[in-house]
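Working notes, beginning with the structure itself.
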Amino acid sequence: MRTSHRDRRGFTLATLCAALIITCIIPSVGALNVTYVVLPNATHYLTTMDINDTSEFQFTNSDIIGENIPVSVTNVTLTAENGTPVNYNWTTQWGSTDEITFDKGNYTISYISPLENNQIQESFDIPYNVSVYLAEPYDVRNPLLAGLSSGADIIRTPENTTIVKWNQTVSFDLRFYDKAREDLLYLFGEFMIILAVLLLIPFFLMQRPPE
């Protein structure tokens, strides 16, 4: 017996609901997360990163042309999916990057590394969901002072924390500023306006018709 049009519509709706539930339960492939928290004085930042199906991790950052450069890190912790701390082996080679090795699996790694020039940039082998946390007095909302790679989503919390997010990206670049630098920009702008007015006054006086 052929299914009626009404029955087919109900079946389609049920199928879509089931697909939606399955999508919510099963995470997207490659949907890993990495979080960067800028620490006070903006001299260091804390990285917390998901790493899957691996047995090693190298501590590097990407430069302007995408080359990996070694970075010094402290407070390194490795955590299993159940939240249990995991032991690792540290390897340091002269002129090379620091590396840790461990049993192959899925982990979360966190570490603190130096921050220079108020800028964080990174590239990944697979897509990551990136979140950067900036507490006061740091901000990125003034385009004249900040720099953000495409796709950035800026969130301002009630606690005056700025969160910058990128979804499913293989690279990002962020440059932030502090309030003192923003105040200096406004002061410079006011000075330029006053200077422009002073320079234009003689011009307008010369344009006045003779009495």
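Miscellaneous remarks
- By the count of neighbouring beta-carbon atoms within 10 Å, fewest first, Ser131, Ser150 end up ordered Ser150, Ser131.
- Once the Cα-Cα distance is subtracted from the 0.36 nm per residue extended length, the Ser96 to Ala135 segment shows a gain of 10.7 nm.
- Between segment 152-166 and segment 98-151, the alpha-carbon center distance in angstrom: 14
- Scoring 35-44, 153-162 by mean Cβ neighbours within 10 Å over their residues and listing the highest first yields 35-44, 153-162.
- Beta bridges per DSSP, both residues in segment 30-177: antiparallel share near 90 percent.
- Between His44 and Glu159, the simple label model (points 7 Å from Cα in the Cβ direction) yields a spacing of 2.0 nm.
- Separation of the Asp53 and Ala80 label points, Cα + 7 Å toward Cβ, nm: 2.1
- Sites Ile126 and Lys179 - FRET efficiency at Förster radius 41 Å, r taken between beta-carbons, to 0.05: 0.65
Rule-based calculations on the coordinates, nothing more; no lab input. Remember, predicted model here, so these are calculated numbers, not experimental data. Backbone-built Cβ (ideal geometry, glycine too); neighbour counts: all protein chains shown.
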